[in-house]
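Chemist: Sharing a structure, written as structure tokens. Questions coming.
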């Protein structure tokens with residue numbers, strides 16, 4: 001059966017590569033782009049897949065422009081799930097999130113308090129709310145998969161590192177819950193240590209087609225095609 005997948009944020013090389021893999025596997029895709037501010041104080045920049053970048057990538061998964069998601073708005077998460085269902089013919093089977101906070105644009109001492117607060121809300125609360133909305137929908141419909149891809153990156157800076165740490169904590173908490181009890185929806189966390197979009201896209205596509213037996217462990221994508229596994 002054809003799977004319907006919402007993937008974000010539009011504009012990332014990893015998402016472009018995943019779109020190619022998804023089309024080969026017969027998945028119907030809807031893309032979403034982030035709006036809002038980045039942890040480093042750069043609104044609409046690389047960490048959020050800003051508006052201009054997303055529009056430039058609108059053909060990565062089809063002819064329609066990306067759907068919009070504002071991680072600083074809880075209501076926006078619910079609206080995105082509903083809009084994705086409408087765009088995908090009334091059903092959503094998968095949510096795929098590529099999470100890669102961009103390096104800070106300012107030293108911590110020069111960051112405005114509003115930028116620190118926006119980073120916390122966007123990367124921690126915003127992503128948790130989006131996953132919550134998709135999980136509720138999958139629970140109600142009796143099944144679905146959420147995949148969170150976390151990018152390993154050096155020299156992020158303190159605010160970007162804080163954002164990345166919040167996402168790792170969110171993933172580990174969800175993995176612990178999945179490992180301890182059965183659920184009507186599946187959660188997969190993949191840590192990308194490869195730095196190669198094609199490799200991580202292929203590995204993610206494989207995990208979606210053949211989910212790992214131990215859903216309570218973080219999956220790992222290393223720098224070589226053979227370095228796949230869980231830890």
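Chemist: Just one of the numbered conditions (1) more than 26 Å from residue 18 (Cβ to Cβ); (2) in contact with a helix residue (DSSP H, G or I) (Cβ under 7 Å, 6 or more places away or on another chain); (3) modelled with pLDDT of 95 or more is not true of residue 110; which one?
Modeler: That leaves (2) as the condition not met.
Chemist: Checking the conditions here, which among 76, 20, 64, 42 is under 30 Å from residue 110 (Cβ atoms), at pLDDT 55 or above and either outside any strand (DSSP E or B) or over 18 Å from the mean Cα position of the chain (by Cα) (or both)?
Modeler: 76
Chemist: Being loosely packed, with under 14 Cβ neighbours inside 10 Å, in a helix (DSSP H, G or I) and either in contact with a helix residue (DSSP H, G or I) (Cβ under 9 Å, 6 or more places away or on another chain) or at pLDDT below 95 (or both) narrows it down to one of 143, 226, 169, so name that one.
Modeler: After applying the criteria, what remains is 169.
Chemist: What about residue 91, is it under 16 Å from residue 140 (Cβ atoms) and either without any contact (Cβ under 8 Å) to a residue 60 or more places away in the chain or assigned to a strand (DSSP E or B) (or both)?
Modeler: No.
Chemist: Now, a different point. Looking at the stretch 97-109 only, could you name the residues that are assigned to a helix (DSSP H, G or I) and in contact (Cβ under 8 Å) with a residue 40 or more places away in the chain?
Modeler: Listed by number, the list holds a single entry, 108.
The values are calculated or read from the model by the stated rules, or taken from the named source; none is laboratory data. The structure displayed is predicted, hence computed values, not measured ones. Don't worry about glycine lacking a Cβ; one is built from the backbone with ideal geometry, like all the others, and counts go over all protein chains shown.
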